[in-house]
Structures are given as C-alpha cells and as structure tokens.
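Enquirer: First the structure, which I've put down as structure tokens, then a few questions once you've had a look.
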Amino acid sequence: MAMAGTDQGMNEPLAIEDLEAEVGLRTGRTHVLAILVENKPGVLTRIAGLFARRGYNIETLAVGPTDDPGYSRITLTVDGARHPIDQVTKQLHKLVNVLKIRDLEPGEAVQRELALFKIEADGAKRAELLQMVSIFRGNVVDVGPNTLVVEIIGTNEKIEAFEEMVRPLGLVEMARTGEIAMSRGRDAT
Amino acid sequence: MRAVDALMECLKAEGVEVVFGLPGGASLPTYDAFYDAGIRHVLVRHEAGGGHAAEGYAKATGKVGVCFGTSGPGATNLVTPICDAMMDSVPVVFITGQVRTDLLGTDGFQECDTIGITMPIVKHSFMIQDPQDLPKTVHEAFHIAGSGRPGPVLIDIPVDLSKADIDYQPTEKVTLPGYSPTTDGNQKQIRLAAKALANAKRPVIYAGGGVVNANASEELISLVRADRFPVTCTLMALGAYPADDDQWLGMLGMHGTRAANYAMDEADLILCAGARFDDRITGKLSEFAPHAKFIHIDIDPAEISKNVPAHIPIVGDAKNILSRLVVEYRSLEADSSRLDEWLGRIEGWKEKYPLAYEDSKDSEIKPQYMILALHEATNGEAIVTSYVGQHQMWTAQYYGFPKPRRWSNSGGLGTMGFGPPSALGAAIGCPDQTVVVVAGDGSVQMNIQELATCMQEGVNVKVFIMNNGYLGMVRQWQELFWENRLSAVDLEGRPDWVKLAEAYGATGMQFTAKETLVDDMRRAIETPGTVVVDVRVTRDENTYPMIPAGEPARNMVG
C-alpha cells in the first residue's frame with residue numbers, strides 16, 4: 001500500500017542543480033488543436049481575439065456543430081515553431097466557454113480537409129486535368145465551357161500536392177475549409 | 001417579477017452590501033429596482049470612479065465589488081477600471097445597460113458594442129438574451145469573478161429585457177462546464193518544493209498579489225519562519241509580509257531595494273508565490289536571476305512558465321499550497337546553518353544600501369520624508385491608496401505596510417485616476433479604519449470629481465497631495481534617459497487645492513514645513529470627514545534606486 005512520503009524517488013537526495021525546467025517552449029511542428037466549446041454567441045470571437053492579442057497566428061480554422069447541439073467543435077492549426085503551444089492551450093483553457101482542448105499528436109488522429117479548385121480546362125488540358133483528378137480521387141463538381149471545379153478531400157499535404165500539380169494548367173481560384181480532425185480509437189476526441 | 005427585481009434578489013443572495021454606479025437611460029429599470037431593494041447604492045460622478053471604487057472596496061475587503069453603468073458612454077467609461085481589475089486580478093462584477101434588443105446593431109442612441117469592446121479585458125462576460133437567464137447569470141458572474149484567479153466579469157442587459165417579467169426561482173447553483181479552477185496543489189510537487197528549499201543555499205521567497213488574494217499572508221509568514229528564508233514582495237503584495245521583520249528584503253523590481261534585487265540576482269532557488277514575473281520585476285529577462293531554479297506557485301496555470309520557465313510548477317491556491325509546504329518543509333528538519341553565509345551576504349547589502357535620500361537643509365519637505373511622516377502620523381496602520389507615479393513608488397518604498405489589504409494601488413495597468421475612488425471604496429468597505437490617499441498633483445486631477453461622492457457619503461478619506469508641480473515620473477525619465485528634454489510635464493496652472501477642497505465642502509489644508517509635518521498630518525487625520533491636503537515637496541526629486549528599463553537588476557542606479 002502506498003503511504004504518504006514513500007513516492008518513488010521522493011526520498012532520494014535532491015540536488016538543486018539537477019532540477020529541469022518545464023517543457024521546451026517551441027516544438028517546431030504544426031499542431032492541430034481540437035477545441036470543444038459551448039455553442040454560444042461570441043465564442044469564436046473570444047478565441048480569435050485571444051490569438052490576435054497574444055500575437056499567435058491561426059494557420060487554419062474550421063468550426064461546426066457536433067453531435068450535441070450545445071457544443072461546437074473548433075479545429076485550428078498553429079505553428080509550433082513560432083508559438084509556445086503550451087502557453088496557447090493554457091490561455092485557451094482560461095476561456096470560460098472552452099470545455100476541452102486536445103492537441104492531437106500526428107499519428108493518433110485522422111485529419112481531413114476539403115478544397116475546391118477552379119481550373120482552366122480547355123482543349124487538350126481537359127484530359128490531363130481529369131487524369132490528375134482521378135489520381136487524387138477527386139470529383140468534378142461543376143463543368144463549364146473553359147473551366148472545371150474540382151473537389152479534393154484529404155490531408156492538407158494531399159491538397160497542397162494537388163494544388164502544385166494543377167497550378168501550371170491555370171488555377172483560377174481555390175477555397176479550403178481548413179482541417180478538421182478526430183482522434184483514432186474508441187475514446188472521444 | 002421584473003428581471004431587474006430578480007437581479008436585486010440575486011445581489012442580496014450574494015451578500016452584496018454596497019454597489020457603485022451612475023444611472024442612465026438604458027439602466028432606468030435597474031435604478032427603479034434599486035429604489036426599494038434595500039441595497040446601498042453609491043452614486044459616483046463618473047463611471048470610471050465607480051469602477052475604481054468597486055476595485056478599492058474589493059481590494060480592502062476581499063469581497064466581490066459591484067459597479068453599474070449605463071449603455072454607450074457609461075460602458076466605455078468603465079473600460080479603464082475593467083482593464084485595471086483584469087491586470088491586478090481584482091474581483092468586480094460590472095453590470096451595464098444596453099439599448100433595447102430591436103435597436104441592437106442599428107447604431108441606436110447610446111449604443112455601443114460593450115461586450116466586443118471589453119472582450120479582451122474581462123475574465124468573462126455575458127450578454128443577456130433571455131431575461132429568464134438573468135438570475136443564473138448573476139450567480140455565475142459572482143462565482144467567476146471571485147474564484148480562481150479573481151477578475152472582472154461583465155453582464156450587459158438590454159433595457160427591454162431588464163424590465164421583462166420572469167418566473168424567478170431563487171437559485172445559487174452554478175453550472176459552468178468549462179470553468180473549474182484547480183485549488184489543491186499537487187502533493188508530490190509540494191514535497192519536491194520542500195526538498196528543493198531544504199537543499200537550497202541561496203533561496204529567496206518572492207510573493208505577489210496572489211498571496212493577498214488567497215488571504216495567505218499568515219501561511220507566507222509561517223513558511224519564512226519555518227527557516228530563515230529571505231522574503232520580498234511585489235508592489236501588489238506589500239503588507240503580505242510585515243515590513244518591520246528581519247527577513248524582509250523590501251519590495252523588489254524597478255524601484256525595489258538593492259537587497260531584494262541583488263538577492264534575486266544571486267539566488268540559487270526562487271520560490272514565487274502568486275506573482276507573474278512581470279517586466280517591472282525581471283528587468284532584462286534573459287539576464288534575470290541567472291543562477292536560479294524556480295518553484296512557481298500560481299492558481300492560474302497560464303502564468304507558470306509564461307515568462308520564466310518553472311522547474312517545480314505547482315498550480316493551486318496559495319493558502320492551500322503554502323500551508324502544506326510548511327508542514328513538508330518542517331518534516332525535513334533542514335540544517336538552517338547552510339543559510340548563514342547567504343543571510344550574511346544579504347545583511348551586508350541591507351546595511352550598505354538602505355533606502356535613503358538626502359534630507360533638505362531647510363524646512364523643505366522631501367517627498368520621501370512625507371511618506372515617513374505619514375507612517376508616523378498614522379502609526380503605520382492606515383489603509384493607503386495611491387495613484388500612479390513617483391508618489392506611488394515612494395509610498396511603496398517608505399510606508400512599511402504591516403498587514404495585507406492595507407495598500408491599494410494600480411499596479412499592472414498603472415491607472416492615474418485610481419486614488420480617491422479606490423479610497424472611497426475602501427472607506428465604505430472598512431468604515432472603522434483610517435483611509436488615506438497619497439496623490440500626485442498630476443494624478444489627483446483624474447477622477448477628482450469623486451470628492452463629491454466622498455462628501456455625499458460622509459466618508460473619512462484623507463487625501464495627501466504630494467505637490468511637486470510636475471508629472472514627476474515622466475519628468476524623471478526625461479531627465480535620466482532623454483537628456484533632460486522636459487516635454488509636457490510642467491503642471492503650471494494647477495489649482496489652489498485648499499480652495500478646491502472647500503468648494504467640494506471638504507476641509508482643505510496646506511503643509512510646507514517638515515518640522516511640523518507629522519503633527520500637521522495628525523491634525524488632518526483627526527479632522528472629521530474628507531480632507532484634502534496640499535503638501536509642498538521638493539520639485540525635482542527622483543525616485544531611487546531604479547533598474548533602468550530593459551536592464552538587469554544588478555545594473556541598479558541611484
């Protein structure tokens with residue numbers, strides 16, 4: 001039975017010099033934060049405002065309802081090379097309307113984003129483009145005389161790869177939803 | 001029952017004795033409800049005065065302050081006190097009127113987006129959209145304002161909803177799924193902290209406003225006395241440790257003592273309780289306390305490792321943690337002689353660099369002497385409030401606060417208009433205590449209108465104006481760092497303070513001689529009611545010592 005004062009290591013001598021400071025401030029990678037918030041007016045403004053006044057940059061942002069109408073899910077990505085993620089999440093936690101924040105580790109979550117591309121597609125280009133869409137498992141959602149609108153769903157890497165491929169063909173415009181994410185396994189995110 | 005009548009019931013259920021405010025169109029229903037609610041309402045003369053009065057009340061009593069304002073300009077006038085309360089973690093509930101719901105978003109008369117304007121500077125805010133929600137919201141607001149790290153909470157009520165009929169069922173149940181501050185410190189971390197303290201050869205305890213907010217002064221004293229730890233406090237925490245004690249180093253930071261700042265600079269272990277390593281404390285961050293490891297106790301996890309990475313973070317209430325830390329530390333039976341060398345070194349600094357100033361050769365009153373005289377005239381037992389500037393720093397340095405909640409000033413935001421309104425709040429909250437304001441002749445003109453409120457309320461507030469005819473702190477910086485190019489700091493055209501006091505119906509006095517100053521001050525303090533005293537002091541005295549902005553503590557000057 002564990003008794004007070006018998007925690008492992010607590011009776012070892014302690015050298016002040018050996019104490020280590022908390023986690024490093026910059027992780028150097030993009031973090032996907034899945035934030036569960038109360039579905040109330042102004043909550044997104046509070047989060048966006050917090051980022052703005054603390055000088056944090058939101059890379060992508062997606063907001064939508066959850067299975068419970070009382071809550072919304074905000075998925076946002078932040079560059080951990082530029083911002084101290086632990087400080088970002090601690091500040092977010094202070095918002096009364098924020099219930100839960102999960103910093104999704106790569107590998108433990110699935111991430112998806114939807115993007116729409118309007119691409120020039122006249123004559124010979126059209127066949128090449130359709131082949132590309134097929135490789136990326138995209139869908140053509142609108143066909144015009146000179147352009148196609150294509151939908152691509154996937155990770156942001158996939159979307160960026162597609163963008164790179166079609167840009168030489170004549171990319172008229174692109175719109176992205178921002179990533180949404182969900183943890184793998186049985187437990188809720 | 002009207003929503004506003006339910007609001008009054010909720011205030012009473014929260015134990016509110018007094019509110020500060022100023023009515024307007026959008027708060028007419030609220031003020032109608034005040035008519036027979038049986039709650040003391042103090043009519044301030046400017047909403048900013050109301051906000052600072054509520055802060056002064058909260059700081060002196062430890063209770064949640066309450067301030068009312070109307071929509072539009074009423075709300076915008078509250079922006080400064082709201083931000084002030086946020087920066088200094090003061091629990092205040094602000095309740096503003098709003099235009100009626102069908103006018104919202106149409107730029108109606110006296111409409112402003114109060115929630116939007118104040119969003120970055122509140123702990124939380126609520127816009128009432130269904131009058132039925134008002135009672136629950138009021139209790140939530142009080143809970144949020146007063147618990148965890150205290151702060152301002154705002155409720156904005158559209159005027160049509162405030163007079164709507166609701167089915168009021170008394171409830172104080174608060175359900176906030178996203179809000180549950182950690183108060184209990186982690187036992188393992190506390191034990192580790194005790195062990196680190198027992199192994200430290202050059203420890204310093206650095207206490208901040210969180211210790212005052214947690215009413216943990218006794219626990220702080222116990223920890224210091226569990227061994228012979230040297231202790232310093234921030235501007236916000238003065239009084240949390242008695243200033244006449246041997247272990248007291250004086251305040252730390254920009255205008256702190258050399259003993260406190262040098263001790264931080266050479267420490268091997270710093271225990272920070274309820275402070276936030278503000279830039280006025282650290283000076284140049286990269287050279288702050290270069291040899292130290294940090295134990296950081298705070299109820300707000302976001303403060304831990306924000307500016308200075310913590311080696312032993314402990315999240316929770318300072319009272320809870322410090323009392324348990326004392327027990328753990330005592331159980332280790334550390335050898336106190338390990339501190340001999342360190343305490344000797346500190347003693348050396350205290351002897352070599354005491355707070356000092358050159359006294360005048362004639363009867364001119366040096367500002368530092370004015371504070372020493374005030375200490376003597378009040379036996380060091382007054383509640384002292386100040387504005388911001390040199391007079392604030394001299395008061396912090398020289399008054400020597402014996403107990404917490406005796407010192408009320410604007411630390412984080414540095415709000416000039418803080419003095420009389422906060423003294424008004426303190427005097428109403430603590431009617432049996434002597435309340436004095438130390439003012440600068442620059443600051444005092446901001447919110448001086450609250451003298452009228454002091455008169456109307458019949459409070460005993462004594463305002464001592466440290467009159468040097470300058471915006472002194474700015475003048476000092478211009479002299480020291482801007483080649484003495486004095487720009488817009490000379491307060492020529494200041495009023496006759498004695499006559500001004502008399503115009504308000506208060507007693508006015510003027511003191512010019514140091515020989516009689518203590519007796520003169522006693523006379524002022526013994527005079528009933530509100531007294532305004534013009535104390536003529538040396539014009540161009542500087543506040544020393546000082547860490548020049550952006551430099552490390554060891555580069556202190558003066």
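Enquirer: Do the conditions hold for B:Val204, that is, is it more than 11 Å from chain A (Cβ to nearest Cβ), under 30 Å from B:Ile346 (Cβ atoms) and of a type in the set (A, V, I, L, M, F, W, C)?
Expert: yes
Enquirer: Say we look at region B:12-36 and pick out the residues that are buried (at least 18 other Cβ atoms within 10 Å of the Cβ) and under 24 Å from the mean Cα position of the chain (by Cα); which of these is farthest from B:His139 (Cα to Cα)?
Expert: B:Leu22
Enquirer: Restricting attention to region B:480-488, does a residue exist that is modelled with pLDDT of 95 or more, in a strand (DSSP E or B) and more than 17 Å from B:Gln368 (Cβ to Cβ)?
Expert: No.
Enquirer: Here's another thing I want to ask about it. Would you check if there is a residue in region A:58-77 being facing another protein chain (nearest Cβ under 9 Å) and either buried (at least 20 other Cβ atoms within 10 Å of the Cβ) or hydrophobic (A, V, I, L, M, F, W, C) (or both)?
Expert: No, because not a single residue in region A:58-77 is facing another protein chain (nearest Cβ under 9 Å) and either buried (at least 20 other Cβ atoms within 10 Å of the Cβ) or hydrophobic (A, V, I, L, M, F, W, C) (or both).
Enquirer: Further question on the same structure: Which residue pairs have Cβ atoms closer than 9 Å, lie 6 or more positions apart in sequence or on different chains, and pair a first residue in region B:284-299 that is touching a residue at least 12 places away in the same chain (Cβ under 8 Å) and small (Gly, Ala, Ser) with a second residue that is surrounded by fewer than 19 Cβ atoms within 10 Å (Cβ to Cβ) and in a loop (DSSP other than H, G, I, E, B)?
Expert: Matching pairs, first to second residue: B:Ala292/B:Asp268.
Enquirer: For the condition surrounded by 15 or more Cβ atoms within 10 Å (Cβ to Cβ) and under 25 Å from the mean Cα position of the chain (by Cα), what is the one hit in A:Glu108, A:Glu120, A:Glu113? Outline the logic, then answer.
Expert: Working: A:Glu108 fails: surrounded by 15 or more Cβ atoms within 10 Å (Cβ to Cβ); A:Glu120 fails: under 25 Å from the mean Cα position of the chain (by Cα).
From the options A:Glu108, A:Glu120, A:Glu113, the qualifying one is A:Glu113.
Enquirer: Filtering region B:305-319 down to residues that are of a type in the set (A, V, I, L, M) and under 9 Å from B:Thr183 (Cα atoms), which residue is farthest from the other protein chains (Cβ to nearest Cβ)?
Expert: So the residue we want is B:Ala318.
Enquirer: Would you say B:Arg330 is over 22 Å from B:Leu252 (Cα atoms), at pLDDT 95 or above and within 14 Å of another protein chain (Cβ to nearest Cβ)?
Expert: Judged against the criteria, B:Arg330 is a match.
Enquirer: With respect to B:Ile144, determine if the residue is facing chain A (nearest Cβ under 10 Å), touching a strand residue (DSSP E or B) at 6+ places or on another chain (Cβ under 9 Å) and either closer than 26 Å to B:Pro120 by Cβ or part of a loop (DSSP other than H, G, I, E, B) (or both).
Expert: Yes; evaluated as a whole, the condition is true for this residue.
Enquirer: Go through B:Ile371, B:Ile383 for me and flag whichever is under 19 Å from B:Val533 (Cα atoms) and in contact with a Lys or Arg (Cβ under 6 Å, 6 or more places away or on another chain).
Expert: It is B:Ile383.
Enquirer: Can you tell me which residue among B:Ile281, B:Ile270, B:Ile221 is within 14 Å of chain A (Cβ to nearest Cβ), among the β-branched types (Val, Ile, Thr) and either buried (at least 21 other Cβ atoms within 10 Å of the Cβ) or within 23 Å of B:Trp349 (Cα to Cα) (or both)?
Expert: Just a single option satisfies the conditions, and that option is B:Ile270.
Enquirer: OK, next. Of all residues in region B:288-300 being surrounded by fewer than 21 Cβ atoms within 10 Å (Cβ to Cβ) and in contact with a helix residue (DSSP H, G or I) (Cβ under 7 Å, 6 or more places away or on another chain), which is farthest from the other protein chains (Cβ to nearest Cβ)?
Expert: B:Phe288
Enquirer: Also, I was wondering about something else. List the number of the failed condition for B:Ile157; all other conditions in (1) within 19 Å of B:Gly15 (Cβ to Cβ); (2) more than 10 Å from chain A (Cβ to nearest Cβ); (3) assigned to a strand (DSSP E or B) hold.
Expert: Answer for B:Ile157: the failing condition is (1).
Enquirer: If you don't mind, another one. If you take the residues of region A:11-36 that are at the interface with chain B (Cβ under 8 Å from one of its Cβ atoms) and either surrounded by 15 or more Cβ atoms within 10 Å (Cβ to Cβ) or in contact with a Phe, Trp or Tyr (Cβ under 6 Å, 6 or more places away or on another chain) (or both), which of them is modelled with the lowest pLDDT?
Expert: Ranking the candidates gives A:Leu25 first.
Enquirer: Any residue that is touching a Cys at 6+ places or on another chain (Cβ under 6 Å) and not hydroxyl-bearing (Ser, Thr, Tyr) - is there at least one of those in region B:192-201?
Expert: No: region B:192-201 contains no residue that is touching a Cys at 6+ places or on another chain (Cβ under 6 Å) and not hydroxyl-bearing (Ser, Thr, Tyr).
Enquirer: So which residues in region B:173-201 are at the interface with chain A (Cβ under 10 Å from one of its Cβ atoms), touching a helix residue (DSSP H, G or I) at 6+ places or on another chain (Cβ under 7 Å) and under 30 Å from B:Pro135 (Cβ atoms)?
Expert: B:Leu176, B:Tyr179
Enquirer: Go through region B:444-467 and give me each residue that's buried (at least 24 other Cβ atoms within 10 Å of the Cβ) and of a type in the set (D, E, K, R).
Expert: Hits for region B:444-467 are B:Glu450, B:Lys462.
Enquirer: Kindly provide the set of residues from region A:78-102 that are at the interface with chain B (Cβ under 9 Å from one of its Cβ atoms), in a loop (DSSP other than H, G, I, E, B) and not β-branched (Val, Ile, Thr), ordered by number.
Expert: A:Pro84, A:Lys94, A:Leu95, A:Asn97, listed by residue number.
Enquirer: Any residue that is touching a residue at least 12 places away in the same chain (Cβ under 8 Å) and either in a loop (DSSP other than H, G, I, E, B) or touching a Cys at 6+ places or on another chain (Cβ under 9 Å) (or both) - is there at least one of those in region B:516-526?
Expert: no
The values are calculated or read from the model by the stated rules, or taken from the named source; none is laboratory data. Keep in mind it's a predicted model, so treat the numbers as computed, not measured. Reconstructed Cβ throughout: ideal geometry from the backbone, glycine too, with neighbour counts over all protein chains shown.
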